[in-house]
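Below you'll find the structure, written out as structure tokens, and then a few comments.
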Amino acid sequence: MFDFGGRIAVVTGGAGGIGKCIREQFEKARATVCVIDLIENDFFTGDLSDKKTLEEFAEKVISEYGKVDFLINNAAPKMCGITDGSYEDFEYALKVGVTAPFYLAKLFSPYFSEGASIVNISSSRDRMSQAETESYTAAKGGISALTHALAVSLAGKVRVNSVSPGWIDNNYTVYEGADAVQQPAGRVGMPPDIANMVLYLCSDMAGFISGENICIDGGMTKQMIYHGDCGWQLNL
């Protein structure tokens with residue numbers, strides 16, 4: 001469906017989970033993919049919270065390829081809550097989840113090719129929360145806002161959008177019963193549900209889309225649930 005032959009895609013957190021699927025889908029579409037991840041991989045292993053690491057990574061990408069067509073900011077920030085999370089934990093989450101995407105966009109700005117695209121991976125947690133998830137939720141809310149700010153600043157040069165996944169099972173587990181039925185789509189999400197949208201947003205088919213945040217959550221954030229609905233019971 002997509003042909004990205006000759007294109008260079010940068011994927012942060014591309015060695016596992018959703019990021020790995022995004023990488024694989026780009027490669028199927030004939031793109032060359034540059035990954036940075038804490039997990040060992042075949043391009044660059046490093047910590048996205050570190051400024052020097054980001055600079056070294058960007059330098060490697062540009063020295064080898066001279067341009068960037070697609071920047072996918074996917075790396076997941078640390079999750080901690082107000083009870084046990086420290087100042088350092090929260091700061092680290094924001095560095096990975098917001099500062100790194102900003103800085104990579106800045107570092108690559110002179111090298112984005114014509115028709116370039118940035119896709120940030122946010123989360124449905126940018127609009128809803130569980131208890132004790134402050135660092136992750138704040139980072140995801142931050143990258144959602146960063147998306148429309150970058151879209152305006154880079155207007156005419158780079159389209160910038162974000163995708164907000166809901167429940168995505170990285171192990172491709174097929175759920176039955178309440179876990180599936182509670183979702184308006186009737187199932188739990190899987191990495192290709194996100195990767196396919198990322199590739200679409202990078203394609204010419206999405207040429208009139210910029211500054212958007214697209215929530216892919218099986219409809220969960222649109223579903224109002226009261227006690228007794230969809231098998232839910234309130235236990236106090």
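Things worth noting here:
- Dipole magnitude for the range 8-231: computed about the Cα centre from +1 point charges on Lys and Arg Cβ and -1 point charges on Asp and Glu Cβ, it is near 640 debye.
- Label-point gap, in nm, between SER129 and ASN171 - each point 7 angstrom along Cα→Cβ: 2.9 nm
- Rounded to the nearest whole angstrom, the semi-axes of the ellipsoid equivalent to the range 92-236, taken from the Cα gyration tensor as √(5λ), stand at 32, 18, 13, largest first.
- Net charge over other residues, Cβ less than 14 angstrom from the Cβ of LYS67 (K, R count +1; D, E count -1): -1
- GNM result for the chain, Cα springs below 10 Å: residue of SER109, SER162, SER117 fluctuating most strongly: SER109
- For the range 1-151, the convex hull drawn through the C-alpha positions has a volume of 114 cubic angstrom per residue.
- Gaussian network model of the chain, springs between alpha carbon atoms under 10 Å - residue of PRO110, PRO101, PRO184 with greatest fluctuation: PRO110
- Annotation: the antiparallel percentage among DSSP beta bridges lying fully within the chain is about 0.
- In a reduced charge model with +1 at each Lys and Arg Cβ and -1 at each Asp and Glu Cβ, the range 152-236 shows a dipole moment near 320 debye about its Cα centre.
- In plain terms, the chain is cut at each of the GluC sites (Glu not before Pro) found in a DSSP loop with at most 13 other Cβ atoms within 10 Å, and the longest leftover piece is 41-175.
- Likely footprinting exposure, PHE208, PHE70, fewest C-beta neighbours within 10 Å first: PHE208, PHE70
- Charge-dipole axis of the chain as Lys and Arg at +1 and Asp and Glu at -1 on Cβ define it, positive-most pick from LEU48, CYS80, SER144: SER144
- Computed from point charges on the beta carbon alone (+1 for Lys and Arg, -1 for Asp and Glu), the dipole magnitude for the range 8-93 about its Cα centre is near 440 Debye.
Throughout, read-outs are computed from the coordinates displayed, never taken from laboratory work. Just so we're clear, the structure is a prediction, and the values are computed from it rather than from any experiment. Counting neighbours? That spans all protein chains shown, and the Cβs are built from the backbone with ideal geometry, glycine included.
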